[in-house]
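To start, the structure itself, in structure tokens.
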């Protein structure tokens, strides 16, 4: 049953008349209350909207996180690593750092090869319907090598720079061959070429030359000092032979470091102007 408080007698025995102004006031108050309730609902929805926006940003950052996938074979030059059990050969792609990594586990410790995307000169992926896929990578310069140090359970791996653990093959050969399950390789390769326009263009090239060429040798004057000395002496010989009146054969006086001025003049066919005589006591 509907109960109207306005019909109840007041404690003072007065009755409230429902004038038009009173009704307008009540209506205004009710409208204001409804408006406040609606605003409260909107305010409650704002955090949800912000949460969804944050979730979208998180999804974008998820695409930049490193992804990894197992591999079965890694071959560089004559060096070849074949996976024996799950997790001992892993390929990783760091989308934020623009790196490719081959990580191997041998002797209980991890070692890895780091490749900068900017060093990749050719890229080819093969994704057959049956069997494993393959990734061929050609490099402009040798990659970096790291080994695991002080391994601790349930802690991040600590890496230390090391020498080439592929018996020197990765330091010489430009071609890296990686064999992986087709599904995981295809998914990660697609993400890779979507993140870098240059790699995408390389992946579209059909005339990719995948040979076993080696890096160009880097010359250093400290690598072969004997060759450097011989080169200097050869130049000295050439300059000496260009001197006027030089016969090409070494004269006896030219080979002596103690020759006097007179001896030197004699060797060139000139008579000495002055010959010092030995001084004898009492003369």
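No value in this document is a laboratory result; all are computed from the given coordinates. Being a predicted model, the structure only gives us computed values, none of them experimental. Don't worry about glycine lacking a Cβ; one is built from the backbone with ideal geometry, like all the others, and counts go over all protein chains shown.
Of all residues in region 146-182, those that are surrounded by fewer than 17 Cβ atoms within 10 Å (Cβ to Cβ), free of Cβ contacts under 8 Å to residues at least 24 places away in the same chain and part of a loop (DSSP other than H, G, I, E, B) total 10.
Restricting attention to region 197-209, the residues being over 21 Å from residue 144 (Cα atoms) and surrounded by 15 or more Cβ atoms within 10 Å (Cβ to Cβ) number 2.
How many residues, within region 77-96, are in contact with a helix residue (DSSP H, G or I) (Cβ under 9 Å, 6 or more places away or on another chain), closer than 20 Å to residue 164 by Cβ and assigned to a loop (DSSP other than H, G, I, E, B)? The qualifying residues number 2.
Scanning region 97-118 for residues that are within 10 Å of the chain's Cα centre (by Cα), outside any strand (DSSP E or B) and surrounded by fewer than 18 Cβ atoms within 10 Å (Cβ to Cβ) yields a count of 3.
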